[in-house]
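All remarks here apply to the structure that follows.
Every number in this text was worked out from the coordinates using simple rules, so none of it is lab data. In this text the structure is predicted, and so the values were computed from the model without any measurement. Positions of Cβ are backbone-derived with ideal geometry, glycine not excepted, and every protein chain shown enters the neighbour counts.
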């Protein structure tokens with residue numbers, strides 16, 4: 001039996017079905033579909049391993065489609081896999097957080113993506129630890145203008161609507177939405193995710209062995 005440090009919290013990981021042409025699309029002109037698929041799988045496996053080995057809180061995997069995909073069911077129990085619902089990313093995140101917080105005994109939830117290899121157990125613990133009271137929230141900005149983590153305690157503030165997703169101002173827009181809410185927001189140190197060509201160098205530097213195939217592809221470009 002796992003002894004969670006935050007048993008009343010949940011860590012929600014957002015993921016896409018690992019299919020060619022549907023993941024890391026902004027990097028496909030540089031890396032190609034198959035390398036992007038491999039990269040996405042490596043990133044997804046890494047973040048799941050980080051969450052599971054940290055033993056901070058139970059994990060839920062929220063996927064955009066095909067929750068029975070073999071890639072997902074080999075990473076965690078089927079009961080922990082949920083399908084995202086909503087017309088855009090904001091609605092899907094809001095629905096996932098609402099669903100997690102509606103479960104008996106759950107008082108807080110942290111939502112992360114699957115493409116931030118720089119996020120370690122210490123970052124997740126910092127996020128969970130900062131939310132001590134109802135109405136507190138946390139966010140970790142990303143270097144590209146988005147964010148890589150958002151967490152809430154007790155309720156989900158209306159910070160996901162009217163945001164222009166995919167733009168470099170997502171984090172700034174979200175801060176404005178928080179300023180209009182009743183939530184007390186804690187901002188954590190910035191991290192980087194893997195979305196742009198300039199992120200690949202940092203990725204290889206972070207783990208040269210695991211991501212050596214990136215250098216192999218770039219050297220042939």
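The table below lists the values:
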| item | result |
| --- | --- |
| Area projected by the alpha carbon convex hull of the chain, averaged over all directions, nm² | 11.8 |
| Inter-probe distance in nm under a simple model that places probes 7 Å from Cα toward Cβ, at residue 41 and residue 207 | 1.4 |
| Order by protection proxy (mean Cβ within 10 Å, highest first), peptides 211-219, 91-99 | 91-99, 211-219 |
| Peptides 177-187, 132-142 ordered by average Cβ neighbours within 10 Å, highest first | 132-142, 177-187 |
| Linear extension gain, residue 52 paired with residue 196, 0.36 nm per residue minus alpha-carbon span | 49.1 nm |
| Peptide ranges 67-74, 112-119 listed from the most packed, as the mean C-beta count within 10 angstrom indicates | 112-119, 67-74 |
| Mean ellipticity per residue at 222 nm, deg cm²/dmol - from DSSP H runs of n ≥ 4 across the chain, formula -39500 (n - 2.57) | -11000 deg cm²/dmol |
| Degrees between helix 33-54 axis and first principal axis of the chain (Cα, 0 to 90, nearest 10) | 40 |
| GNM result for the chain, Cα springs below 10 Å: residue of 60, 28, 84 fluctuating most strongly | 28 |
| The chain: angle of helix 197-206 to the longest principal axis, Cα-based, in degrees nearest 10 | 80 |
| Over the chain, relative contact order from alpha-carbon pairs under 8 Å, at least 6 apart, % | 21 |
| Difference of contour (0.36 nm per residue) and Cα-Cα distance, residue 80 to residue 167 | 28.3 nm |
| Tilt relative to the chain, helix 170-179 - C-alpha long axis, 0 to 90 degrees, to 10 | 0 |
| Estimated FRET transfer efficiency when R0 is 25 angstrom, pair residue 182-residue 91 (beta carbons, to 0.05) | 0.75 |
| The range 132-194: relative contact order in percent, alpha carbon pairs under 8 Å with at least 6 residues between | 46 |
